[in-house]
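Only one structure is covered here, and it is reproduced in the block below.
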Amino acid sequence: MKEIILGTAGHIDHGKTSLVRALTGTDTDRLKEEKKRGITIELGFAALSLPDGRRLGVVDVPGHEKFVKNMVAGASGIDIVAMVIAADEGVMPQTREHLEICSLLGIRHGLVVLTKSDAVDEEWLEMVTEDVRDFLSDSFLADAPLIPVSSHTGKGMDTLIQAISDMAALIPDIRNTTVFRLPVDRVFTMKGFGTVITGTLVSGSVSVGDTVMVYPELTQSRVRGLQVHNDSVQSAVCGQRTAMNFQGLDLSEVQRGDVIAPPDALKNTFMVDTDFHYLASNERPLKNRTKVRFHTGTSEITALTVLLDRDTLAPGEKAPVQFRFDRPMVCVRDDRYVVRSYSPIRTIGGGAILNPVPQKHKRFQENIIEGLSHLSEAGSEEAATFHLMQAGFAGAALSDLKLVTNLSEKQLTAVLQKLLSSRSILITDKDAKTYIHADAFQRLCSFATSYLEKYHASYPLREGLSKEELKSKFPAYIQSRLLNQVLNQLVKDEKLAQEGDLVRLSTHKVALQVDQEALRLKILESYENTGITPPYFREIIRSLDKGQAEAAPDVMKILIRENLMVRVKEDFYFHRPALDRLQEKVVAFLRENEEMNPSQFKDICGGIARKYVIPLMEYFDGIHLTIRIGDTRKLRKQQSRET
């Protein structure tokens, strides 16, 4: 059985609190100031028992224009609204504003209650009824039941209760299985209980013992107790008026407007993308960057209105708008909101949140404007696809996608699996459950191949470049795991070739031109003629003209790959045949004498300078031909066993 909240709405002194008292027996005006002034200031709560055994939560809201923000907080989560209009006064200013607020919050079920019907005659009642019907003709209450009652005499109360019961039965029993959220509308302390908060549970469920977090403060606590309709319970579900108390949570750590939810389930944001309806009742256009009061859930926050597709918004128009806040807040996709002007304060519009954690948009971006326009009507797959496209190279984690789609994890996983199967998206981190749109992945692939094309054009004699160097050319925020995935995919598609740590385009082959071949022979001849006493490579480069000098390092790399040259030390290269001949002499000497000191090595080499002796001895150590013991060298065991 669906849990239902009945809320009142209407002008001040039209009898909302008296009506709730007559229906439930509960006086919802609990504050001394409310008793003294005879008006409702804060939200009031009660429970209504229906003839079929169903029990409704009731929220009584203030009607005074100064307390409309409290009314908005109370109207969040209402399933059925009782629009209260006094028969002796008819439609008044807050009747109109409360109706607009209910419409903007997406309330679609309600009835009209003409209170104080005992204070007017039948003719007057008939005239007021006609006037009210005309007022409601273009609203969601156009065909709603209209019931005259008297809270004083009880006239019409049975009819009203039956009408509420009939309407409650029509509301579908849809369990919201998304993350548990409870917007806080009241905070107080009770002796023996500590800090207590109340609110309407708008989604999910919560149980005693659950660990929860207060957003946006990010304070963590544990649920110590739960009450629904003043009865202690072990669990509360979506749609119930709920009171909770916590372990170790101070009164100063939570306030109206905060949201209670599981740890890390929500994400603080300083902006939201929305579908904004600017009410036709406004007298002038809305300018870009107008400062407003933004209400969602039970919170009120100051915001700047950023019109994304125009400079002004005319009364009655709708547009994609990004609201930017002066402090953090939390919400999810499809949450309803109300906007009130900053000064003088009145309701000017509202709508639905399309993206609760957007990037900061530049105005007049066609892809953003078009995307948000479609998002308001988009299904789950389209919504997930849009947000992954917006996420770009960074991708989006499952936790973020839950916020922007407002789907349960099970529902979202099914959507993502379908998109994975169609290759519309890819998973980049299975542990963190992070996804990227296929277009973004393809752009990364294109960047890699494009960069390599330019690299090969600039350095045609180089076999390729290292993977790490290629990765360093991508934006720094892109994770190495994703870049590995990009390179692996390109290798799999045979667009890239990988040899050791080097990567290159699969079509790239090193081919020397005529002048480069001449340079290759010139360098090789220099080393052939000098044997084991070659010049430093920088000396050879200085002997070349500018063009040859620039190409010489790459030509040397080619000679090394051809196994004609060996790099023994930085700037010190040797001709491979010369080294091989020297190696044979060293092996023969050590097999006969077992050990060799630097002086003996110098004699083996024909009395070469010390600048050659040390690098060559270290080279033979490095290739594991010899092993150094003190100041002498010996053959390594595997070498000494060779014949």
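The values are calculated or read from the model by the stated rules, or taken from the named source; none is laboratory data. Since the structure is predicted, the reported quantities are computational estimates derived from the model, not experimental observations. FYI the Cβ positions are ideal-geometry reconstructions off the backbone, even for glycines, and counts take in every protein chain you see.
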Please count how many residues of segment 498-529 are farther than 22 Å from Ala551 by Cβ and free of Cβ contacts under 8 Å to residues at least 24 places away in the same chain. 2
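Taking Gly316 as the residue in question, decide whether it is in a loop (DSSP other than H, G, I, E, B) and closer than 23 Å to Val212 by Cβ.
Details: in a loop (DSSP other than H, G, I, E, B): yes; closer than 23 Å to Val212 by Cβ: no.
Here the answer is no, as Gly316 does not meet what is asked.
Within segment 64-139, which helices (runs of 4 or more DSSP H) (wholly inside it) include 1 or more residues that are modelled with pLDDT under 90? Write out each step before concluding.
On the way: elements: 68-75, 93-104, 122-135.
Once the helices (runs of 4 or more DSSP H) in segment 64-139 are filtered for at least 1 residues that are modelled with pLDDT under 90, what remains is 68-75, 93-104.
Would you check which residues across segment 202-211 are among the aliphatic types (A, V, I, L, M) and either crowded, with 22+ Cβ neighbours inside 10 Å or modelled with pLDDT under 90 (or both) and list them? Steps first, please.
First pass over segment 202-211, keeping only residues among the aliphatic types (A, V, I, L, M): 202, 206, 208.
Residues satisfying the conditions are Val202, Val206.
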Report those strands (runs of 3 or more DSSP E) wholly inside segment 569-643 carrying at least 1 residues which are touching an Asp or Glu at 6+ places or on another chain (Cβ under 6 Å) and loosely packed, with under 15 Cβ neighbours inside 10 Å. 626-629
Out of Arg538, Arg520, report the one residue that is under 21 Å from Ala457 (Cβ atoms) and assigned to a helix (DSSP H, G or I). Arg520
Does at least one position in segment 547-556 carry a residue that is assigned by TED's automatic domain parsing to the domain that holds Gly607, over 30 Å from Ile623 (Cα atoms), part of a helix (DSSP H, G or I) and polar (S, T, N, Q)? yes
Select from segment 517-553 the residues that are in contact with a Phe, Trp or Tyr (Cβ under 9 Å, 6 or more places away or on another chain) and small (Gly, Ala, Ser) and write down the one among them that is surrounded by the fewest Cβ atoms within 10 Å (Cβ to Cβ). Gly531
Scan segment 444-492 residue by residue and report those that are assigned to a helix (DSSP H, G or I), of a type in the set (Lys, Arg) and touching a helix residue (DSSP H, G or I) at 6+ places or on another chain (Cβ under 6 Å). Lys471
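Of these, Gly199, Gly194, which one is surrounded by fewer than 18 Cβ atoms within 10 Å (Cβ to Cβ) and touching a residue at least 24 places away in the same chain (Cβ under 8 Å)? First the steps, then the outcome.
Values: Gly199 fails: surrounded by fewer than 18 Cβ atoms within 10 Å (Cβ to Cβ).
Just a single option satisfies the conditions, and that option is Gly194.
Looking at Ala119, Ala163, Ala82, can you tell me which residue is surrounded by 23 or more Cβ atoms within 10 Å (Cβ to Cβ) and touching a strand residue (DSSP E or B) at 6+ places or on another chain (Cβ under 9 Å)?
Ala82
Only one residue in Thr413, Thr434 is modelled with pLDDT of 90 or more and in contact with a Gly (Cβ under 7 Å, 6 or more places away or on another chain). Which one?
Values: Thr413 fails: in contact with a Gly (Cβ under 7 Å, 6 or more places away or on another chain).
The unique qualifying residue is Thr434.
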Where residues in segment 205-240 are within 22 Å of Val58 (Cβ to Cβ) and part of a loop (DSSP other than H, G, I, E, B), which of them is farthest from the chain's Cα centre (by Cα)? Asn230
